[in-house]
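Working notes, beginning with the structure itself.
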Amino acid sequence: FHGTHPRNVLAIAEKGFDDSKRAGQAFGSGEYFAKDPSVSVGYSKGGCFMFVCQLCLGHESSTEANLDGDHIWVPDCSYYVISRPQQALPVYIVEFESGTRPYDGVESQEHLKAELAEPVLGLGASRDTRFIDLCLDGSNDKIPAFPAAWWNGDLAPFSGELYYDEENPHGSGRFSGLAAGKVVVVRRGGGKFSAKAEEARRAGAAALLLVVGAPLVAMAGAATADGSFATAMVDEAAGARLAALPPGMRIASASRRGPQREVPANRACAMSAASTDALWLGYLHGHFADQQLEGDVRRFLWRHAARVGRPEVRIVRGKFTQVKVRLSVELMREEVQALNTKPFVECGVERRVTVDDAHGSSGQKRPRVIAGYCRGRNLRYVDPCWCQHGPLPTAGAAYIMEDLPLHSAKGDEIVSAFMRSAPFHNGRPCVLGVRSIENPKLQWQHEAYRRYLTEKNGAAPRQVELYHGTNVKILDGVYRHGLFPPSDVDASEDCPVSGGKGLRTSLCDNSCKFCTRRHAWDRCHMFGLGIYLGDLAQKSHCYVSGLGADRIHRMVVCSVLFGDALQLEGHLASGEAMHDVFSLRALGPDVLPKMVTSVGAEGGRTRVDQKDILFVKGLGGCCRPGLSVFNSEYISFHPYQCLPLYEIAYEVQ
C-alpha cells in the first residue's frame with residue numbers, strides 16, 4: 001500500500017512514481033510502501049485514496065543508501081523501501097473512509113473523485129493493437145479509432161470520402177442518399193450504436209465513425225444485419241476535426257497497429273484414420289474477427305461438405321489463427337482430403353487452407369500447439385491428439401532451490417499470507433522454511449505464455465501468486481517441467497513413471513502402454529481436468545498428500561498469469577457435470593448453461609471458449625457440498641500459465 005497527498009494521486013496514476021519527489025527517507029533512499037494499509041492512511045494527508053502496487057523486490061540492499069541492491073526491508077514497521085520508481089507499478093486505487101482529520105481542500109478532493117471517475121486514455125501515445133489508425137488525405141496525422149466488436153477486420157471500407165450531416169448529427173434519423181459509398185460521421189446520443197450502424201448500412205454507406213468521449217472502450221450492442229459493417233469509435237477531438245472538414249475530404253488509408261503476420265504455407269493433409277468427428281483448419285489471418293472467420297468456415301463446409309449439418313466451430317488464436325470443428329456426423333478420410341482442394345473464401349478473398357483430422361495422426365507434427373503445449377498429448381478419450389509430440393520444451397531442465405530467510409521482505413510476506421487462513425481443517429500449521437525455485441527453462445516458457453496472452457488480449461495479463469497443493473512425491477517433476485493438467489486415464493500401478501505414488505491420474509502422455517484405463521468421476525476434478533489453485537493456503541492444504549515419515553507438508557506458491565478470466569458463480573447440475581472438461585476451449589456457447597446453474601455474473605463479453613482461466617467464486621454459506629465451493633478457486637488448463645516460485649515446508653500441530 002502507498003499513501004500520498006491527494007494532489008499526487010493523478011500524477012502517480014498517469015506517470016508512475018517520481019524519485020525527485022521523495023521526502024523524509026527515514027529508513028533509506030527509495031519509494032515507501034507498507035504491508036498494513038492503516039500505515040498508509042497516515043501518509044494520505046487526510047485524503048481518501050491510496051494505491052495498491054505491485055513491487056519487483058529484486059535483491060535486498062545491505063545499507064540505507066540502497067545502492068547495492070533493489071530494496072530495503074524494515075521488519076519493525078513492515079515497510080518496503082524500493083530503490084527505483086520502475087520497480088513499483090500502481091495497480092489499484094482504493095477509496096476509503098477514516099477517522100483522521102479530513103483534507104482541507106474539500107473541493108479539490110471532490111474534483112479528484114470526478115477525475116478518477118472519468119479516466120483518460122492517452123491516445124496519442126497509446127499503441128493498443130486493438131486500435132486502427134485513419135490517415136486523412138494530404139496529412140501525415142493519424143486519427144486513432146476503436147473498431148466495434150462486430151467488425152469483420154476488413155480495413156478497405158474505412159478509406160473513402162467523409163460525410164457529416166449537420167442536420168442529422170447523431171444519426172438518429174434516416175441518412176440521405178448522399179451517404180452512399182461514404183464514411184459517415186455521427187455523434188453519440190439519440191439512439192443505440194448498433195441501430196445507427198444499421199441505418200448507415202441501409203443507406204449504402206461504406207463505414208460509420210461514432211464520436212464519443214474518452215476513453216474509447218468496447219461498445220456493447222448486437223451486430224448489424226450482415227454481421228460485418230465497418231464501424232468504429234473516435235474521440236471528441238478527432239470527431240470535431242472530422243466534422244469541420246470541407247465536403248469532399250477523404251480518409252486516404254486505414255492501418256492496423258498490430259504486427260501483420262503472413263500465415264504459414266499450407267501443408268499436406270496427414271490424416272491416417274478412416275474417419276473423424278473433428279476437423280482442424282489452418283492457418284487463417286488473425287486480424288479478422290472471430291465472427292467473420294466462423295462464418296467463412298461454415299460457408300466453406302456448407303458448400304463442400306453439406307452433410308455435416310451445423311457443426312460446432314471454434315476459432316483458436318495463438319501465434320497463428322486456426323479453427324477446430326466438432327462434427328455431429330463423421331467424415332471419411334477421402335472427404336477430408338478432398339476439402340484441401342476446394343476454394344476457401346476468407347473475408348471475400350479466395351484461397352486454399354489445410355483441412356486435417358483434429359485428432360492428429362501418428363508421425364504427424366503436432367498441429368494443436370498453443371504457447372508451446374498441446375493439450376491432447378496426455379488425453380486418450382475426451383479429445384486426444386495422436387501426433388508425434390516429441391520432447392517437452394523443458395526436456396533436460398534443471399532447477400535450483402535456495403532457502404529464503406523468513407525475516408526477509410519476501411519471506412515475511414509469504415509466511416504472513418500463508419498463516420492468514422490458519423488454522424487448517426486438521427490443526428494449526430507451523431512454517432519450517434521457505435525455498436525459492438529457479439528453473440530458467442520453465443521461466444522462459446512462462447514468459448512466452450505471457451507474450452501469448454498479451455498478443456491475444458491486447459493487454460498484458462495480470463499476474464498473481466496462488467497456492468497449489470499436490471502429492472509431494474511428484475514435486476521434483478513439477479519443479480523441473482511445471483504443473484500439467486491431469487490426464488483422462490488412471491495411473492497404472494505397473495507404470496514405472498506413474499505407479500507407486502498414490503495418484504488418481506497418470507503422469508504419462510497417451511503413448512503409455514500401462515496407463516490406458518479411462519479415468520472416471522470419483523468426487524474429483526469438480527470443475528474439469530485442470531490445475532487447481534487457491535488464494536487461501538487453508539484450501540490448498542486439503543490437496544497436499546503423499547507425506548513421508550517425517551510428516552512434513554510441502555505447498556507450492558505459483559506465479560499465475562490471469563489473462564481474460566471466466567468467472568463461474570453457481571452450482572453444478574450434478575457432481576460430475578464438468579469432470580471431463582479438459583480445456584475452456586471445449587466449452588461452446590450453449591454448453592456451460594447445461595452444466596451450471598448460475599447465481600451470479602459470469603463476467604466479460606468475450607466468448608467462453610476464448611477465456612484463459614476459470615475462476616470459481618466461493619459461495620460461502622450458500623454453497624452446496626459437491627456442487628459448489630465455499631472458498632474460491634482457480635483452474636488453469638495450460639502448464640506454462642503457472643510457474644512454481646516458492647516451496648513452503650510446514651508441519652501441522
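The values are calculated or read from the model by the stated rules, or taken from the named source; none is laboratory data. This is a predicted model, so every value here is computed, not measured. Every residue, glycine among them, receives a Cβ derived from its backbone with ideal geometry; neighbour counts consider all protein chains shown. We work out accessible area using only protein heavy atoms, side chains counted, and drop any ligands, DNA or RNA first. Shrake-Rupley method; radii C 1.70, N 1.55, O 1.52, S 1.80 Å.
Per residue, how many Å² of accessible area does the stretch 514-653 show with a 1.4 Å probe?
Solvent-accessible surface per residue comes out at 40 Å².
Putting +1 on Lys and Arg Cβ atoms and -1 on Asp and Glu Cβ atoms, find which of Met555, Cys495, Gln567 reaches farthest to the positive end of the dipole of the stretch 471-570.
The listed residue farthest towards the positive side: Cys495.
Computing the accessible area with a 1.4 Å probe over protein heavy atoms, can you report the carbon and sulfur percentage for the chain?
Ligands and nucleic acids excluded, carbon and sulfur give 52 percent.
Go through 560-568, 384-392 and give me the packing order, highest mean Cβ count within 10 Å leading.
Per-residue Cβ counts within 10 Å, averaged per peptide and sorted highest first, yield 560-568, 384-392.
If we sort 87-97, 528-538, 62-72 on the protection proxy, mean other Cβ atoms within 10 Å, highest first, what's the order?
Highest-to-lowest ranking by the protection proxy: 528-538, 62-72, 87-97.
Can you work out D for the stretch 1-64 in µm² s⁻¹ from Stokes-Einstein, where Rh is the Kirkwood radius over C-alpha pairs, the temperature is 20 °C and the viscosity is 1.002 mPa s?
168
Which whole-Hz ³J(HN,Hα) couplings does the stretch 642-652 yield from phi under the Karplus relation 6.51 cos²θ - 1.76 cosθ + 1.60, θ = phi - 60°, glycine and proline marked x?
So the J values, rounded to whole Hz, are 10, 10, x, 10, 9, 10, 9, 9, 8, 10, 10.
Classify the stretch 567-653: rounded, prolate or oblate, from the alpha-carbon gyration tensor (a ≥ b ≥ c, eigenvalue square roots; a/c under 1.5 rounded; otherwise prolate if a/b is larger than b/c)?
Since a/c reaches 1.5 but b/c is at least a/b, the shape of the stretch 567-653 is classed as oblate.
Give me the accessible area per residue for the stretch 12-103, probe 1.4 Å, as a whole number in Å².
In whole numbers, the stretch 12-103 has 58 Å² accessible per residue.
So which of Lys196/Lys456; Lys15/Lys113; Lys319/Lys342; Lys473/Lys617; Lys319/Lys365; Lys319/Lys456 end up more than 20 Å apart, counting from Cα to Cα?
Those over the limit are Lys196/Lys456; Lys319/Lys342; Lys473/Lys617.
Where does each of 289-295, 341-347 land if you order them by average Cβ count within 10 Å, highest first?
289-295, 341-347
Please report, in whole Å³, the volume per residue of the convex hull around the C-alpha atoms of the stretch 497-653.
Taking only Cα atoms, the stretch 497-653 has a hull volume of 139 Å³ per residue.
Using only alpha carbon positions, build the gyration tensor of the stretch 468-538, then give the equivalent ellipsoid semi-axes as the square roots of 5 times its eigenvalues, largest first, whole angstrom.
21, 15, 11
So what's the net charge close to Val349: Lys and Arg +1, Asp and Glu -1, counting the other residues with Cβ under 13 Å from its Cβ?
-2
Read phi for every residue in the stretch 431-438 and hand back ³J(HN,Hα) as whole Hz from Karplus 6.51 cos²θ - 1.76 cosθ + 1.60, θ = phi - 60°, with x for Gly and Pro.
6, 9, x, 10, 10, 7, 10, 10
So who's got an amide H within less than 5 Å of the one on Arg368, skipping anything under 5 residues away but keeping other chains? H placed 1.01 Å off N, in plane.
Amide H neighbours of Arg368: none.
Please compute the net charge surrounding Gln641, taking Lys and Arg as +1 and Asp and Glu as -1 over other residues with Cβ under 11 Å from its Cβ.
0
What's the local net charge at Asp550, with K and R +1, D and E -1, over the other residues with C-beta under 14 Å away?
Result for the neighbourhood of Asp550: +2.
Would you calculate, for the chain, the mean residue ellipticity at 222 nm contributed by helices, counting each DSSP H stretch of 4 or more residues as -39,500 (n - 2.57) and dividing by all residues, to the nearest 500?
When only DSSP H runs of four or more count, the value is -5000 deg cm²/dmol.
I want the antiparallel fraction of DSSP beta bridges within the stretch 305-428, as a percent rounded to 5.
Of the beta bridges lying entirely in the stretch 305-428, close to 90 percent run antiparallel.
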